[in-house]
Amino acid sequence: MIVKARNPMPEQKPQERVKNFLEVPLGFDEATAISEAERCLQCKKPLCVEGCPVHVPIPQFIQLIKEGKFVEASLKIKEVNNLPAICGRVCPQESQCECKCVLSKKHEPVAIGRLERFAADYERKAGISLPIKPVSNGKAIAIVGAGPAGLTCAGDMARLGYKVTVFEALHEPGGVLTYGIPPFRLPRDIMKSEFNYIRAMGVEIVPNVIIGRSITIPEIFKDGYKAVFVGTGAGAPMFLDIPGENSLGVMSANEFLTRVNLMNSYRYPDFDTPIPMPSRVTVVGAGNVAMDACRTALRLGAEKVYCVYRRSRAEMPARNEEIHHAEEEGVIFRLLTNPLRFIEDESGWISGMECIQMELGEPDDSGRRRPMPKAGSEFVLDTELAIIAVGTRSNPLIRQTTPGLKTDRKGYIEADSLTQATSLPGVFAGGDIVTGAATVIEAMGAGKNAAASMHRFLA
């Protein structure tokens, strides 16, 4: 069997895109999308669907693209996924649906994510087909958090006729999609289009409501809501706990990216919320958030951006595509390097970061080789801004204000892995607030599971 090569994704050139916040991948045109769709073998037992946490009907929508029925392909995806343009951009398809593709055994898999993006983009440009609002069943449910898990649960419950209210702490919906992912990876207009689609289903999104402060979960039930889904994510940043970390010029990636994305710092002077950008910036960590911070700093004018990571490239948790883009754009990787302390100047601002070189030992609990310090290898890395991107943890507000809600030793809500049910009847939870930091599509899968369980509970 002769298999055509996978179609490459056209992109902005590195020397051009590093000067703007426009999307880097440019997307397939119609001919390329059809060509890529023709690579699909239309397996009778599609393993790719098993690899998708929300079980998108992958062979069916790809077949529609092959036939030139692009809007129909988008609508087929929307039968189970209300955020296809977002998922087509930020989901790690290479480790989920695409790695299950039969072609991947001997060839490159079908570009499922890129085809999903193409179909959703085509429909948006042609005019979104708004959903028909179902007949109300008279029951109201509440969603806490307008991130991927919450919005997915909200959409599915709205389809079933529930009156859905989403309470969001920030002034814009989206959660990590909005405050964490920069526009060059996820354009704002695309997000807003998909959020408006969910609103068109009858979902009400109420911003600036902090559950645990503005209102508590017990009070939500007193207001007449019959069930609650908690999808607040895990947005409290973690730090390194090393000397000098409270110096000026040290910030979390959460703060940095939120100021850029949600407060529009990248659009200065149209928005008067600039981030002063020195010439030398260091980002500690090597996940997708770290790559976003590195690439954002370059776009804001930093001359040198270092990515410091204590393991080797093989252990980097970021997507290969994001690492590749960062390398192309000029990010300097200092691998097998671990920070020891921050050095202040006379004004209290950092002027450097003392580090030590590492070597890899035996695997630890994560399955990755444990980094071990090399004696006598200390050195100072000149830097004027340090951005810490080493993970997040749960915010304690909800667990402190919801009696009877069980959490684990790290403060994450305990929920059944299949039903998302918590220790409290009528309260369900999913996404990062249950699992810790994970992927967008995994959070969406939890939201879908929770919606099905809530419906059974209320029926």
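The values are calculated or read from the model by the stated rules, or taken from the named source; none is laboratory data. Model, not experiment: these values are computed from the prediction. Ideal geometry is used to build each Cβ from the backbone, glycine not excepted, and the neighbour counts take in all protein chains shown.
Data for the structure
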{"item": "Filtered residues of region 390-417 (kept if part of a loop (DSSP other than H, G, I, E, B) and either under 22 Å from the mean Cα position of the chain (by Cα) or β-branched (Val, Ile, Thr) (or both))", "result": "390, 391, 394, 395, 396, 402, 410, 411, 412, 414, 415, 417"}
{"item": "Any hit, region 184-205, residues being touching an Asp or Glu at 6+ places or on another chain (Cβ under 7 Å), free of Cβ contacts under 8 Å to residues at least 60 places away in the same chain and not assigned by TED's automatic domain parsing to the domain that holds residue 19", "result": "yes"}
{"item": "Qualifying positions in region 1-53 - aromatic (Phe, Trp, Tyr) and either more than 25 Å from residue 298 (Cα to Cα) or exposed (fewer than 13 other Cβ atoms within 10 Å of the Cβ) (or both)", "result": "28"}
{"item": "Pairs where the first residue, in region 311-337, is more than 17 Å from residue 358 (Cα to Cα) and the second is small (Gly, Ala, Ser) and in a loop (DSSP other than H, G, I, E, B), C-beta under 6 Å, 6+ apart", "result": "317/287; 318/286; 318/287"}
{"item": "Residue within region 303-323 that is in a loop (DSSP other than H, G, I, E, B), among the aliphatic types (A, V, I, L, M), out of contact with any Ser or Thr (no Cβ under 9 Å at 6 or more places or on another chain) and surrounded by 15 or more Cβ atoms within 10 Å (Cβ to Cβ) present", "result": "yes"}
{"item": "Answer residue from region 178-189, given it is of a type outside the set (Ser, Thr, Tyr) and not in a loop (DSSP other than H, G, I, E, B) and is nearest to the chain's Cα centre (by Cα) among those", "result": "188"}
{"item": "Matching residues in region 145-155 - criterion: being among the hydrophobic types (A, V, I, L, M, F, W, C) and more than 14 Å from residue 176 (Cα to Cα)", "result": "153, 154"}
{"item": "Cβ-Cβ under 9 Å pairs, at least 6 apart or on other chains, region 19-34 side farther than 12 Å from residue 65 by Cβ, far side assigned to a loop (DSSP other than H, G, I, E, B) and basic (Lys, Arg)", "result": "23/185; 24/185; 25/185"}
{"item": "Candidates 172, 168 - the one that is buried (at least 24 other Cβ atoms within 10 Å of the Cβ) and assigned by TED's automatic domain parsing to the domain that holds residue 446", "result": "168"}
{"item": "Any hit, region 124-141, residues being in contact with a Gly (Cβ under 7 Å, 6 or more places away or on another chain) and surrounded by 20 or more Cβ atoms within 10 Å (Cβ to Cβ)", "result": "no"}
{"item": "Test for residue 370: is it surrounded by fewer than 16 Cβ atoms within 10 Å (Cβ to Cβ) and assigned to a loop (DSSP other than H, G, I, E, B)", "result": "no"}
{"item": "Selection status of residue 322, among the acidic types (Asp, Glu), modelled with pLDDT under 95 and under 26 Å from the mean Cα position of the chain (by Cα)", "result": "no"}
{"item": "Residue within region 305-313 that is assigned by TED's automatic domain parsing to the domain that holds residue 363 and in contact with an Asp or Glu (Cβ under 6 Å, 6 or more places away or on another chain) present", "result": "no"}
{"item": "Residue in region 259-279 that is crowded, with 23+ Cβ neighbours inside 10 Å, touching a strand residue (DSSP E or B) at 6+ places or on another chain (Cβ under 9 Å), touching a residue at least 40 places away in the same chain (Cβ under 8 Å) and more than 21 Å from residue 188 (Cβ to Cβ) present", "result": "no"}
{"item": "Qualifying position, being without any contact (Cβ under 8 Å) to a residue 40 or more places away in the chain and on the phi > 0 side of the Ramachandran plot, among 42, 63, 12", "result": "42"}
{"item": "Members of region 400-415 found to be in contact (Cβ under 8 Å) with a residue 24 or more places away in the chain, within 22 Å of residue 443 (Cβ to Cβ) and surrounded by fewer than 16 Cβ atoms within 10 Å (Cβ to Cβ), listed by number", "result": "410"}
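Results for (1) in a loop (DSSP other than H, G, I, E, B); (2) farther than 19 Å from residue 86 by Cα; (3) at pLDDT below 95; (4) touching a Leu at 6+ places or on another chain (Cβ under 8 Å), shown as yes or no for each residue.
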| position | (1), (2), (3), (4) |
| --- | --- |
| 1 | yes, yes, yes, no |
| 4 | yes, yes, yes, no |
| 27 | yes, no, no, no |
| 36 | no, yes, no, yes |
| 39 | yes, yes, no, yes |
| 45 | yes, yes, yes, no |
| 59 | no, yes, no, no |
| 68 | yes, yes, no, no |
| 71 | no, no, no, no |
